[in-house]
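*Asks:* Starting off with a structure, shown below.
The values are calculated or read from the model by the stated rules, or taken from the named source; none is laboratory data. For clarity, every value in this text was computed on a predicted model and none was experimentally measured. Here the Cβ positions follow ideal geometry from the backbone for every residue, glycine too, while neighbour counts run over all protein chains shown. These area figures cover heavy atoms from the full protein model, side chains too; ligands, DNA and RNA do not enter into them. Shrake-Rupley method; radii C 1.70, N 1.55, O 1.52, S 1.80 Å.
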Amino acid sequence: MSDKTLVHKKNNQLIAKLVSVVMLMFLFGYALVPLYDVFCDITGINGRRFVQSTPQISGLNESRLINLQFTTSVAPDMPWKFSPMTKTIEVHPGENKVVKFSATNISPNTVVGQAIPSVSPGIASLYLNKVECFCFNRQELKAGEQVEMGLSFFISSDIPEDINTLTLSYTLFNVTAVNQNKQPI
Amino acid sequence: MSTLVKNNNKKADIDDFDHAHDEKPRGIMRWLLTTNHKDIGTLYLGFSLLMFFVGGAMAMVIRAELFQPGMQIVDPNFFNQMTTVHGLIMVFGAVMPAFVGLANWMVPLMIGAPDMALPRLNNWSFWILPAAFSVLIASLFMPGGGPNFGWTFYAPLSTTYAPDSTALFVFAVHIMGISSILGAINIIVTIMNLRAPGMSYMKMPMFVWTWFITAFLLIVAIPVLAAAVTMILTDKYFATSFFSAAGGGDPVLFQHIFWFFGHPEVYIMILPSFGIISTIIPAFSRKKLFGYSSMVYATASIALLSFVVWAHHMFTTGMPLAAELFFMYSTILIAVPTGVKVFNWVATMWRGAISFEVPMLFAIAFIILFTIGGFSGLMLGITPLDFQYHDTYFVVAHFHYVLVTGAIFSIMAGAYFWLPKWTGYMYDERLAKLHFWLSLISVNILFFPMHFLGLAGMPRRIPDYALQFADFNQLVSLGGFAFGISQLLFVVVVVKCVRGGAKAQEKPWDGAEGFEWELPSPVPYHTFSTPPKVK
Ligand SMILES: [Cu+2]
């Protein structure tokens, strides 16, 4: 083999390796999406981890009181009024509670909404257990219709000592356009 | 560093070339079809200079608007487009192509290679760039305007609230990315396979080393940017929900992906500078570079660390304390290898026989001013302080110190350093000195007061401001206009130097080292068809 073809072969092998690095890194960019979700689920660090829990029977800790605050907002294109009927509540860890939120469709059309929760501090989402929540499903309201939506929850008794106040916020998004598939998120 | 000896046959070889092979096509076709690394280097440098002025004109619009409080000249949406496109053009159109241009010109000469390893690919990586920037600039004239979400294009600004022309922005970024990746692959293959016999890795000139590492950063980081813009595209136009909370996504995820690219990107824009400065400081101190191998290891550790610090841009997104601490410590750790570099440059100058020609002046200004930018970076890296500085003019001051008085000053230094080699003529030292001093003074009037504006709470990317910021903004704008005008002097010097002047010797700087200085000035069109010998 001549020198020139040898160099060509060497070059091509190296190019193949470098191009595969490029491809892998492009895929890695996409892999960050599920990785991020898994990471957040495990650590609860961005306040988005919520699973349906069964009510707690034991573990009531009456020596502590946690202050829970509720806030709501609606996305700019969402023609609903949406507010918590209880703004703050004090609960003992392990105690089951139900709070209500009120939603009114103030538009002349039927609108489907999806509430997205977020907890602050984020880490506290690991200890806020939802037994039943309107955010588990999409909500459909006819023009002018009003509903009360319930949230049943308890706070785990192993919540760290330094968390005494949590804020649970819901943002309501208009998902009318993408409502073909009724699966909750 | 290696000591180089002349190839005994070299003179004869070059004479041979001068007569037999120095033919090149004339006119526009020469430039369109060229596969010659020197031609392509020139194209990159010329394009980067053009983009420097286009992006600079946008900066002038920004500074004119901010000259006085209140809305003066442009409407807020146009102002936002100016800040966005100014950033994109300066990063992807001015700084990065300038470094690629220098690499094209100098890497083959420094390692004794006849050309880049993949010359035809090289032609393509350059010529898709003007296309990308035409698309980006054209998007400014679309109905609804061009990109207005900042060069960092955070979702949902770049999805839900973005102008209709966002697809053009995405397309342009894709082409720029492909150009950078192809350029980086070419540089890696050239360095790994075409070094002159005897040039081991630890004998490579520092500029080659820093570019070698930069090229790896490029092929690892740019594809992540490509993924991020693609997700923006599908979120905006094809109803995916990567960054939309309504569909189960998370806008904070965008920031993670973007900055996973973004932080290595800032080192892509500074590592080649380190190489240039490490070349120039020894040449004008007439000493060897102090601590060559520590320079190599410092560059490599900066590159590795750059992948584990990205969330220092996101301290205020509500991260848990443990993550804030991790990213704070890892960020501040980078000061160690960077400090090694600054120490080595100063130690190189220590007791050297220093002379102060223009490349050296820019290099010394680089060391001082880049270090100021590094220090403000440290301040920003400290989590509790960042809560105050975040999104203020302090950040703007910081990254302009590292990018303008850092990257751009090093490019200027390199251009003056190698101009005699490229053109065969000495540049006008008096005009060049004037360019240096005017730039040095005006750039500090431009960016230094921004620190104080930021500390006092002036937010970035806003076309109006509170009255108490008026005086400093006026000063900053005046500095900006002066800096902008001073750069026209650079064009004058370069044009004069291309057209004629005092004949440059083979080695116009007596402390300079490397193969490139053993070639005649101007460098023949073809060089090193027989590799030079390394001692
Ligand atoms: Cu960073």
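*Asks:* Taking the Cα centre of chain A as origin and charging only Cβ (+1 Lys, Arg; -1 Asp, Glu), how large is the dipole, in debye to the nearest 20? It would help to have the intermediate numbers written out before the result.
*Replies:* Values: 15 positive and 14 negative charges, 173 e Å.
Magnitude of the dipole: close to 840 debye.
*Asks:* On the full set of protein chains, 1.4 Å probe, figure out the accessible area of B:Ile280 and give it in Å² to the nearest 10.
*Replies:* Rounded to the nearest 10, that gives 0 Å².
*Asks:* Next question, about the same structure. Round to a whole number: what % of the accessible area of the stretch B:150-281 belongs to carbon and sulfur, probe 1.4 Å? The partial results should precede the final answer.
*Replies:* Values: 2310 of 3190 Å².
Reported share for carbon and sulfur atoms: 72 percent.
*Asks:* Here's a follow-up. In chain B, what is the volume of the convex hull around the alpha carbon atoms, normalised per residue and reported in Å³?
*Replies:* Working: hull volume 76.6 nm³, N = 535.
Taking the convex hull of the Cα positions in chain B, it is 143 Å³ per residue.
*Asks:* Right, another one. In units of 2.2 N^0.38 Å, what is the alpha-carbon radius of gyration of the protein assembly as shown?
*Replies:* Values: Rg = 29.1 Å, N = 720, 2.2 N^0.38 = 26.8 Å.
My calculation over the Cα atoms of the protein assembly as shown gives 1.08.
*Asks:* For the stretch B:309-318, take each phi angle, set θ = phi - 60°, evaluate the Karplus expression 6.51 cos²θ - 1.76 cosθ + 1.60, and give the result in whole Hz per residue in order, putting x for glycine and proline.
*Replies:* 10, 4, 6, 5, 7, 10, 4, 8, 7, x
*Asks:* While we're looking at this one, here's another question. Where the centroid of each part is defined by its Cα atoms, how far is the stretch B:241-287 from the stretch B:31-52 in Å?
*Replies:* Cα centroid to Cα centroid, the span is 24 Å.
*Asks:* Report the calculated FRET efficiency for B:Phe238 and A:Lys142 (r = Cβ-Cβ distance, R0 = 30 Å), to the nearest 0.05.
*Replies:* Efficiency computed from Cβ-Cβ geometry: 0.50.
*Asks:* Same structure, new question: Of B:Lys341/B:Lys507; B:Lys203/B:Lys533; B:Lys433/B:Lys496, which sit over 22 Å apart, Cα to Cα?
*Replies:* Values: B:Lys341/B:Lys507 26 Å; B:Lys203/B:Lys533 12 Å; B:Lys433/B:Lys496 15 Å.
Those over the limit are B:Lys341/B:Lys507.
*Asks:* Restricting to Cα atoms and excluding each atom paired with itself, what does the Kirkwood estimate give for the stretch B:100-216 in Å? Don't skip to the end; give the middle numbers.
*Replies:* Values: mean 1/r = 0.0622 Å⁻¹.
In the stretch B:100-216 this quantity evaluates to 16.1 Å.
*Asks:* Stick to the Cα atoms of the stretch B:68-126, pair each with every other, and give me the Kirkwood hydrodynamic radius in Å at one decimal. Display every interim value, and only then the final one.
*Replies:* On the way: mean 1/r = 0.0690 Å⁻¹.
Hydrodynamic radius (Kirkwood, Cα only) of the stretch B:68-126 equals 14.5 Å.
*Asks:* Label A:Ile89 and A:His8 with points 7 Å out from Cα along Cα→Cβ: what is the distance between them in nm?
*Replies:* 7.6 nm
*Asks:* Further question on the same structure: Over chain B, calculate the relative contact order: mean separation of alpha carbon pairs under 8 Å at least 6 apart, over the residue count, as a percent. List each step's numbers first, then the result.
*Replies:* On the way: 869 pairs, mean separation 107.5, N = 535.
Normalised by residue count, the contact order of chain B is 20 percent.
*Asks:* Give the whole-number value, in cubic angstrom per residue, of the convex hull volume spanned by the C-alpha atoms of the stretch B:290-439. Walk me through the numbers before you get to the answer.
*Replies:* Details: hull volume 19.4 nm³, N = 150.
Taking the convex hull of the Cα positions in the stretch B:290-439, it is 129 Å³ per residue.
*Asks:* Which percent of Cα pairs goes in each bin when the distances of the stretch A:3-43 are cut into 5 angstrom slices starting at zero?
*Replies:* The percentages, shortest bin first, are 6, 21, 13, 12, 12, 10, 8, 7, 5, 4, 2, 0.
*Asks:* Heavy-atom accessible area of B:Trp259 with all protein chains present, probe 1.4 Å, nearest 10 Å²?
*Replies:* 20 Å²
*Asks:* Moving on. Quick one: in the stretch B:298-374, what % of C-alpha pairs are over 18 Å apart? Don't jump to the answer; show the numbers that get you there.
*Replies:* Numbers: 1583 of 2926 pairs.
Across the stretch B:298-374, Cα pairs with separations above 18 Å total 54 percent.
*Asks:* Related question: At 1.4 Å probe size, with no ligands or nucleic acids counted, give the accessible surface of A:Glu140 in Å², nearest ten.
*Replies:* 100 Å²
*Asks:* Once you charge only the Cβ atoms, +1 for Lys and Arg and -1 for Asp and Glu, what is the size of the charge dipole of the protein assembly as shown about its Cα centre, to the nearest 20 debye? Spell out each step's value before the answer.
*Replies:* Working: 43 positive and 41 negative charges, 385 e Å.
So the dipole magnitude of the protein assembly as shown works out to roughly 1840 debye.
*Asks:* Would you mind counting up the charge near B:Ala353? Only other residues with Cβ under 12 Å from its Cβ, with Lys and Arg at +1 and Asp and Glu at -1. Walk me through the intermediate numbers first.
*Replies:* On the way: positive: B:Arg286, B:Lys287, B:Arg351; negative: B:Asp510.
Neighbour charge sum, excluding B:Ala353 itself: +2.
*Asks:* While we're here: Would you pull out the residues with amide H under 5 Å of A:Glu95's amide H, same chain only if 5 or more places away, H placed 1.01 Å from N?
*Replies:* A:Asn61, A:Ile155
*Asks:* Shifting gears a bit: How large is the Kirkwood hydrodynamic radius of the stretch B:438-516, counting all unique pairs of alpha carbons, in Å? Could you put the intermediate results ahead of the total?
*Replies:* Working: mean 1/r = 0.0631 Å⁻¹.
So the Kirkwood estimate lands at 15.8 Å.
*Asks:* Right, next: Hey, can you grab everything whose amide H is under 5 Å from the amide H of A:Thr167? Only 5+ residues off in sequence or another chain; H modelled, so Pro and N-termini drop out.
*Replies:* A:Gln69, A:Ser120
*Asks:* The stretch A:101-185: percent of C-alpha pairs farther apart than 21 Å?
*Replies:* Numbers: 1390 of 3570 pairs.
Summing the P(r) of the stretch A:101-185 above 21 Å gives 39 percent of all pairs.
*Asks:* Continuing with this model, one more query. How about the stretch B:310-397: which chymotrypsin sites (Phe, Trp or Tyr not before Pro) there are in a DSSP loop, with at most 14 other Cβ atoms within 10 Å of their Cβ?
*Replies:* B:Trp350, B:Phe356
*Asks:* Related question: Percent relative contact order of chain A, based on C-alpha pairs within less than 8 angstrom and at least six residues apart? Don't jump to the answer; show the numbers that get you there.
*Replies:* On the way: 359 pairs, mean separation 48.9, N = 185.
Relative CO of chain A lands at 26 percent.
*Asks:* Provide the buried accessible surface between chains B and A in square angstrom, both chains summed, 1.4 Å probe, rounded to the nearest 100.
*Replies:* Details: alone 20700 and 11270 Å², together 29480 Å².
In total, chains B and A hide about 2500 Å² from solvent.
*Asks:* Then there's this: Once neighbouring chains are kept in place and the probe is 1.4 Å, which whole percent of the accessible area of the stretch A:66-180 is contributed by carbon and sulfur? Intermediate values should be presented prior to the final figure.
*Replies:* Numbers: 2410 of 4970 Å².
C and S atoms contribute 49 percent here.
*Asks:* Quick one: putting +1 on the C-beta of Lys and Arg, -1 on the C-beta of Asp and Glu, what dipole do you get for chain B around its Cα centre, in Debye to the nearest 20? Walk me through the numbers before you get to the answer.
*Replies:* Working: 28 positive and 27 negative charges, 276 e Å.
Roughly 1320 debye, rounded to the nearest 20.
*Asks:* Turning to a different aspect of this structure: Would you mind getting the accessible area per residue of the protein assembly as shown, heavy atoms of the protein chains only, 1.4 Å probe, in Å²? Spell out each step's value before the answer.
*Replies:* Numbers: 29480 Å² over 720 residues.
Accessible area per residue: 41 Å².
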